[in-house]
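The block underneath contains the structure these notes are about, expressed in structure tokens.
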Amino acid sequence: MPEQDDLQAVNELSEAYRAITEQIGQVIVGQRQVIEELLLAMFARGHCLLVGVPGLAKTLLIRTLAETLSLEFSRIQFTPDLMPSDITGTEVIQEDRRSGTREFRFLKGPIFGNVILADEINRTPPKTQAALLEAMQEGQITAGGQRHELAQPFFVLATQNPIEHEGTYPLPEAQLDRFMFNTYVDYPDENEECDMVRRTTADVTVSVSPTLSGEKILALQRIVRRVPAAEHVVRFAARLARLTRPGERSGVRGQRSERGGERGEGTKKDVPPLVRDYVSWGAGPRASQYMVLGAKARAVLHGRFHATEDDVRAVALPVLRHRIVTNFNAEAEGVKPDDIIRRLMEEHMV
């Protein structure tokens, strides 16, 4: 049974979620699903990749989110000539005017913030993209042989333009896997677009009020980790991730037969035909972890102290879509990772 303090913290986080959504709604029209996925990733200590065409207010949304959370916001505009030291910081020689001595001093780069906007991350070469890897995974950076801890909470939000490929550098799979969610930012519907036009063409300035401090966010992140996930929920997430792997065998493995060979109940033939036909590589174990963490965070945001299979289903698309590598057949027939994930949940996860 959850403790009284945990239940109180769940109520606080649920109320904070409604307050944050209301504050962001004063500036951003619509995009409720995007906002929820950003908050889910943040409270689960993950990072988020936002994919959308220009002009959909991705940067404004991230900046507004940072303002509602009383967090330090830092924007990095990725360009082909950006160097790793432009992100992490660099050492400079500083002279003491009194003694005349000189010493190296580390000047922190824009990575030293709480909410980091990596704008158009695919416009910079892999060497600079890799400068984010250590920060995203370890919460630190290394410069001049010295390690520098990053302030917590630390949350990387990267944006990417899906329609322009000239002069871009696709993110390596290893870095894509560091992002908990791959969130699609779609066009607004007609009513939302009309509301957006009215707001942005009037002489009105809207400001948001901070709702959560950094210390409170860290405490709520710990609460999310303590949310229980039943065995069937964990197995549901693991099964879904394993279904995406074209070379995966189903059933129990690791049992030894009398002749000394390994005996398993499943074979590669049990892989869904959809996966065999359209997938080159499936999602790894990190996908299962993130689906369970996302389910826990979603349960708390909706006022529950237990994760369910429905919570896993709700976060499956943003967790899995960038971890499934489709083959030529899928590209030729217009089959997207989202189509594969939806069909797997509808046909094999019942």
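The values are calculated or read from the model by the stated rules, or taken from the named source; none is laboratory data. This structure is a prediction, so every number in the text was calculated from the model and none was measured. All Cβ positions, glycine included, derive from the backbone under ideal geometry; neighbour counts span all protein chains shown.
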*Tell me, which helices (runs of 4 or more DSSP H) wholly within the range 280-347 include 3 or more residues that are without any contact (Cβ under 8 Å) to a residue 12 or more places away in the chain?*
328-333
*Which residues, taken from the range 120-141, are over 16 Å from the mean Cα position of the chain (by Cα) and without any contact (Cβ under 8 Å) to a residue 24 or more places away in the chain?*
140
_Residue under question is residue 134, and the condition is that it be outside any strand (DSSP E or B) and surrounded by 12 or more Cβ atoms within 10 Å (Cβ to Cβ); does it hold?_
yes
*Could you look through the range 140-173, keep only residues that are surrounded by 12 or more Cβ atoms within 10 Å (Cβ to Cβ) and aliphatic (A, V, I, L, M), and pick out the one that is nearest to residue 92 (Cα to Cα)?*
143
_Within the range 172-192, take every residue that is under 26 Å from the mean Cα position of the chain (by Cα) and without any contact (Cβ under 8 Å) to a residue 60 or more places away in the chain and give me the one that is nearest to residue 71 (Cα to Cα)._
175
*asked:* Quick test of your reading of the structure: residue 76 fulfils all but one of (1) surrounded by fewer than 21 Cβ atoms within 10 Å (Cβ to Cβ); (2) more than 30 Å from residue 302 (Cβ to Cβ). Name the failing condition by number.
replied: (1)
*What tally of residues in the range 108-126 results from selecting those that are in a strand (DSSP E or B) and either over 14 Å from residue 84 (Cβ atoms) or not aliphatic (A, V, I, L, M) (or both)?*
5
*Would you kindly identify the helices (runs of 4 or more DSSP H) lying entirely within the range 6-103 that contain at least 3 residues that are of a type outside the set (Val, Ile, Thr), at pLDDT below 85 and out of contact with any Leu (no Cβ under 7 Å at 6 or more places or on another chain)?*
58-68
_Index of the failed condition, residue 221 passing every other in (1) assigned to a helix (DSSP H, G or I); (2) out of contact with any Lys or Arg (no Cβ under 8 Å at 6 or more places or on another chain)_ = (2)
*Would it be correct to say that residue 280 is over 15 Å from residue 182 (Cβ atoms), buried (at least 19 other Cβ atoms within 10 Å of the Cβ) and among the polar types (S, T, N, Q)?*
no
